[in-house]
Structure formats: C-alpha cells, structure tokens
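Comments concern the structure below.
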Amino acid sequence: MKILTLVRQVPDAEARVRVQGTTVDLEGTTLVMDGMDEYGVEEALRLRENGANVEEIVALAVGPKRVEDALRTALAMGADRAIHVETDTPLDPIALSQVVAQVAQTEGAQLILVGGQEADWDSQALGAATAERLGWPQLTWTNELNVDGDTLTGRHDVDEGNESFQATLPAVVTTQQGLNEPRYPTLPNIMKAKKKELRKDDLGQYGATPKVRVVSAEIQTRARLNKVIDGKDPQAAAQELLGLLRNEAKVIA
Amino acid sequence: MILIVAEHTNGKLSKSTLEMVSAARSAGREGPITVLVLGQGVAAIANEAAQVADQVLVADHAALAQYNAELWAAATTQIAQEGEAHTILIGGSRSGREYAPRVAVKLDAPYLEDAISLQAQGAALRAQRYTYLARVTETVEAEGAVVVVSVKPGSFPAAEATGAAGEQYDVDLDLPAARVQVTGKTVEKTSRVPLGEADVVVTGGRGVGSPENFSSLVEGLADAIGAGVGATRAVVDAGWRPYAEQVGQTGKTVQPKAYIAVGVSGAVQHLSGMGKSKYIVAINKDAEAPIFKVADYGIVGDVNVIVPALIEAARK
Ligand SMILES: Cc1cc2nc3c(=O)[nH]c(=O)nc-3n(C[C@H](O)[C@H](O)[C@H](O)COP(=O)(O)OP(=O)(O)OC[C@H]3O[C@@H](n4cnc5c(N)ncnc54)[C@H](O)[C@@H]3O)c2cc1C
C-alpha cells in the first residue's frame, strides 16, 4: 500500500496574525506544519512500524516556495519522498482537492491521510472533497486506525459521540488529536531528509483554479472589560465576582 | 429553489435547521425555501419543518436510518439537481461539514464553509466565516449556478413558525450502497445542560489539579449556578474528563452568555472554541496567564480556595 500524507503549512499557533489590506499577511510570521497534518504523517509511519504492508509514504504539499520547509519536516519524521506542487495562488479546499486527487491517482495511493481541520482556513473540507473526487469512502475525525490487508478499522468522532468503523481501502482518513503523539525529527534524520527526493510540480499541470474569493479579512477583537479582582480575600472576591455576574453582566440569577 | 437539508436528532428537528431557514431568508435569493428531510420514520420531523418552510421534501427510507456521508451527499445532490436548487444549505455540524464538500464536488459548485452570515451580492453569494483559529473574520464570495453553504450553528436566530404550513412531497432516491460499516457506537450523554446549549459554561483546566478536584470544584460550581461543564484538552488528554466535554479547536465550539474558565491558561486552540462567548471569566493563580487578556472578569487566586468560596456564595 502506498500512503499519501498531505502536509500544509500554517502560522505557528502562538504567532500573531496580521491583516494587511484584504487578506491575512504571513510576512515574517513563524510557519509550521499544521499540527493536524502531523498526526497524519506520524500515523503513516506507525502503520508501517506496526507491520502493515506499507510500500511507500509520500508527503504532498501545495503552495508557495516556503512550503518546502513543511515537506522537509515530514521527510525528517520519516516520509520516503515528497511532492511539492508549487504555486502562489491560494486554493480553497474544493479546488485543492482536485490536485490531491490527481496526485493520488498518478501515484497509485491507496490511503490518504489529511488533517481534520486546517489551522489557517479553519476548514474541514479537504478530506471529504478529495474522497468524493476519487470516488472513495472517507473516515473523518479518526482517533484510532488499524489496517489489515485491505481492511480499515478504527474509531472516530461523530455528532453525538464516537463510532467504531470498518471499511475497505482505498480510503481517505482525516486525523486529529488522540490518534498518536507525533515524533520530533532527530538531527540524524534531519540530515538524512536533505538527501530524500523532493519533486517539484507546476500547478498548471493540474488545472485547478480557486472557486472562492476572499473579499476581506478582519482581526476579531472584542473589547473585554478586564476587571481583575485580587483573590487574597477569597470570600470578598467571590462576592464581588458574583455581584458583577448578577448585576452588571446579568448572566446568572 | 433554496434547498436546506434538515438536521434532526431523536425524532425532533434540530434548532440548527430553524437557523438555516433564517440564513436562507437573510441571503435574499429567489425561490421557495425547501427543506429536505432525510431519514427513517421522519413524518413528525417533516411536519415540524413544514411550519417554517415553503415546502418540504421527505425521503423516508430504511437505508437512511443512520447518517452516512456518501448517502447524504448522493441524496442531497439528486434532489438539488431535480429541483434545480441554486443554493444548498447544510448544517455546520460535524456530519454536515463532512458531506457538504462531497455535494459541492458532485455539483462542481463552490463551497462556502461554516458561514456566520449570508448575503446575495448580484450573481455572487457572500458569506463571513472565522479563520486562523477563529482569530480572523473573513468575508468570502463565490459565483456559480449552484453554491453549497454550511451554516455555523448558533449564528442565525431560529426561524419562527409562519402560521401557514408548507406543502409536503415524498421523494424517491437512487442511493448508493453504504461502504463504511458502523460496528459500534458510544453516545456521550450528560445529565447537565448540554455544552452547546448552556447559557453558562464552567470549564476546568489542568490548574484544577486532579479528577477529584474537577468534580468538587468545576462540577460543584456548575451545579451551584446551573451551568454546563467543559474541559480543556490537557484535562481530556490526562483522562480526567470525557472528550465530549472538550472545548476548542478539536473539541466543541461554544458561545454562551458567560464562560467561566477555572485553572485554564487560555491557549489559542482553546480560545478558538470559546472566544466568542459574551462574557469571559477567568480564575487563575497566575496574573500573567493569557486567559486574563480576553477576560471580562477575573480573580487572581488559587482555585482551591476561590472556587469553594464561589460555590458557597452562589448557594446563599
Ligand atoms: C492541534 C492542536 C489542537 C488543540 N486543540 C485543543 C482544544 O480543542 N482544546 C484545548 O483546550 N486545547 C487544545 N490544544 C492544547 C492547547 O494548546 C493547550 O495545551 C491546552 O489548552 C492547555 O490546557 P490547560 O489550560 O488546562 O493547561 P495548562 O496550559 O497547563 O494551564 C493550566 C493553568 O492553570 C493555572 N493554575 C495551576 N494551578 C492553579 C491553581 N491551584 N489555582 C489557579 N490556577 C492554577 C496555571 O497558572 C495555568 O495557567 C490543542 C493543541 C494542538 C497542538
């Protein structure tokens, strides 16, 4: 089985986001591999380590030149090779799925791993859209995964709780917390990763164009009251807080 | 027509369906507001939907007894095509956001995900949505003969009954076979107000110290003021609380009137799930904790002394 693991690059969670003009400006921001995608890379490695028949693990990223860094991280974690579809055009998940599905087809991938929710576009759409383009089933919000031959079993979160599932490969799985604890690349592996193949593709060959336009972006700021009470006298502090909640905010009876 | 796929649980129409009716009305697009009810034994749900919609399409089908992404996508697409829907609204629940992208791909339509507002702009449809862990509000726009939208729960008022019941029609569907088998299911229940519907939420973080303290302090305070209970990921990872209580990027999004964070540091991934709460209250011994930056009210102090004092004062 060949596994395609999708890697996106997003601002580090602690980094400040800035808006310049009509869009978020990432200039000078620390960018990292999306934590949700890290679970996917880690899971591919674990499937192999735990004895599933994994022929190759290919990391894929679509985006500007800098996205290479995220692919190098995936390679340093242990992916075998990487494909970078280079473009400065931001693609919405539906358009992006067109690229992912084509790569999956030409690579002959049988399992695609992708993060359950993107930390930049806050979107959950990429896994499902890719599955639909390929005509494959999908398992979203997966926190336990086993592959035995062609059979996929595991557990994932649904609206009212969680479900155990069974399906047959090929399939798309979206990953999330609880699935595993991603490893840190070690220095020797970082060095080794430099020698691994990182193929460059041009977006043009995939014929994907954005379907959604960003018109404007605004930082969400909400003026907060910031009334901080010293807790040295717990009883007085408790009375004061309850008073504020009852009489000023009027949120409790 | 504008097609809304009904969300329902336990034989009742979900509030999110009523919210989607308001979203459809606010969009200002032409055509009847049509609600599609997928499921088995859904007559009562269809009747409820008829109170708010121009027409209701009912697909009462044994194969639809359980939600399944591929079936829901196939059914929605078929009805959208037959009814020549130009706008398709799907709930922004976990399941809705799971099959909506499939519908968009099937129809070769743009997808506006997790919309918090909706407005026609000439031939385009414009929506607002939160991005970057809910720190940014983006306005996005798409054009197309058909646009698929998922609507973030809690973003629109629930539509009120119009007084005139919409017509109901039964529909036939060509459904694919389900390829994902569900082999077991755990439904996470709580005896308290469900997290997503609570007016007040008390959330405990690692600062609470132990599962026993969580019960006495966080649940104790929640019970004293009639609130729902939430938890941070640190607490869920430690196995103190069930995942169903987790608030944040990978947990639930809540927007109560008051959110009381007890021993919570206020990491961005946590804030992304509760940052839109009307009032935020923080109780933390570290005056520099990031949670205080977004708090309306706060007490700097040890939860072990502050929270018992709060419980006692609230009970009086
Ligand atoms: C991909 C990804 C997704 C994530 N998703 C989520 C998510 O959905 N939800 C979520 O919550 N987190 C999420 N996180 C984790 C998040 O980054 C934080 O690690 C987590 O929220 C911290 O939880 P905490 O505030 O309980 O613990 P800590 O960060 O350990 O904070 C504990 C706080 O308690 C205070 N404290 C300690 N003792 C006391 C005392 N006796 N009295 C008063 N105060 C005290 C401390 O000062 C501190 O501020 C995610 C992380 C990643 C990478």
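The values are calculated or read from the model by the stated rules, or taken from the named source; none is laboratory data. Bear in mind that the values here come from a model prediction, so they are computed numbers and not experimental data. A quick note on method: Cβ atoms are made from the backbone with ideal geometry, for glycine too, and the neighbour counts reach across all protein chains shown. In case anyone asks, the SASA skips ligands and DNA or RNA and just uses the protein heavy atoms, side chains included. Shrake-Rupley method; radii C 1.70, N 1.55, O 1.52, S 1.80 Å.
The Rg/Rh ratio for region B:102-152, using Cα coordinates for both the radius of gyration and the Kirkwood hydrodynamic radius, is 0.98. Buried accessible surface for the B/A chain pair comes to about 7100 Å², total over both chains, computed with a 1.4 Å probe.
Over region B:147-302, Cα pairs under 8 Å with separation of 6+ residues give a relative contact order of 18 percent. Across the cross-link table entries B:K15/B:K252; B:K189/B:K285; A:K227/A:K250; A:K227/B:K252; A:K232/B:K285; B:K252/B:K278, which are compared at the Cα atoms, the separations over 21 Å belong to B:K189/B:K285; A:K227/B:K252.
Summing charges over neighbours of B:S117, with a neighbour being any other residue whose Cβ is under 15 Å away from its Cβ, gives 0 when K and R count +1 and D and E count -1. For region B:198-238, which whole percent of the accessible surface, found with a 1.4 angstrom probe, sits on carbon and sulfur atoms? On region B:198-238, the fraction of accessible area on carbon and sulfur atoms equals 43 percent. Using the Cα coordinates of chain A, the gyration tensor eigenvalues translate into equivalent-ellipsoid semi-axes of 38, 24, 19 Å, sorted from longest to shortest.
Hey, how much of the P(r) for region A:40-128 falls beyond 22 Å, as a percent of Cα pairs? Pairs farther apart than 22 Å: 25 percent.
When every Cα-Cα distance of region A:21-78 is counted in 5 angstrom steps from zero, the calculated P(r) takes the values 4, 15, 25, 20, 15, 9, 5, 4, 2, 1, 0 percent. When the solvent-accessible area of region A:2-206 is split by element, carbon and sulfur atoms take up 45 percent of it, the probe being 1.4 Å. In region B:291-306, the residues that give up 10 Å² or more of accessible area when the other protein chains are added, compared with the chain on its own (1.4 Å probe), are B:F292, B:K293, B:V294, B:A295, B:D296, B:Y297, B:G298, B:I299, B:V300, B:V305, B:I306. A Gaussian network model of chain A, with springs between Cα atoms under 10 Å, assigns the largest mean-square fluctuation among A:G204, A:G149, A:G243 to A:G243.
Residues of region A:82-124 whose accessible area, computed with a 1.4 Å probe over protein heavy atoms, drops by at least 20 Å² once all protein chains are present relative to their chain alone are A:I94, A:Q117, A:A119, A:D120, A:W121, A:D122, A:Q124. Size descriptors for region B:195-315: radius of gyration and Dmax over Cα atoms are 12.4, 34 Å. Contact residues in region B:187-204 (at least 10 Å² less accessible area with all protein chains than alone, 1.4 Å probe): B:V187, B:E188, B:V200.
May I ask you to give the solvent-accessible area per residue for region B:195-315, in square angstrom, as obtained with a 1.4 angstrom probe?
That works out to 35 Å² for each residue.
Within straight cross-link reach of A:K194, meaning Cα distance under 27 Å, which lysines are found once same-chain residues fewer than 8 apart are removed? Excluding near neighbours in sequence, the set is A:K2, A:K65. Working from Cα pairs under 8 Å separated by at least six residues, relative contact order for chain B is 14 percent. Taking 4 °C and 1.567 mPa s as conditions, chain B diffuses translationally at an estimated 62 µm²/s according to Stokes-Einstein applied to its Kirkwood radius (Cα pairs). When Rg and the Kirkwood radius Rh are both evaluated on Cα atoms of the protein assembly as shown, their ratio Rg/Rh stands at 0.97.
At q = 0.09, 0.17, 0.18 Å⁻¹ the log10 of I(q)/I(0) for region A:70-215 amounts to -0.32, -1.14, -1.25, computed by Debye summation with a single uniform scatterer per C-alpha, solvent ignored. Using a probe of 1.4 Å, the accessible surface attributed to A:W121 totals some 40 Å² when neighbouring protein chains are kept in position.
State the Kirkwood hydrodynamic radius of region B:17-170 in Å, one decimal place, computed from all pairs of distinct Cα atoms.
Computed over Cα pairs of region B:17-170, the Kirkwood hydrodynamic radius comes out at 15.7 Å.
A 1.4 Å probe run over region B:2-170, with the rest of the protein chains in place, finds 35 Å² accessible per residue.
Accessible surface for region A:2-206, divided over its residues, is 38 Å² per residue with a 1.4 Å probe. Derived scalar couplings between HN and Hα for region B:14-25 equal 7, 4, 4, 5, 5, 5, 5, 4, 5, 4, 4, 5 Hz in order, rounded to whole Hz, by the Karplus curve 6.51 cos²θ - 1.76 cosθ + 1.60 (θ = phi - 60°), x for Gly and Pro.
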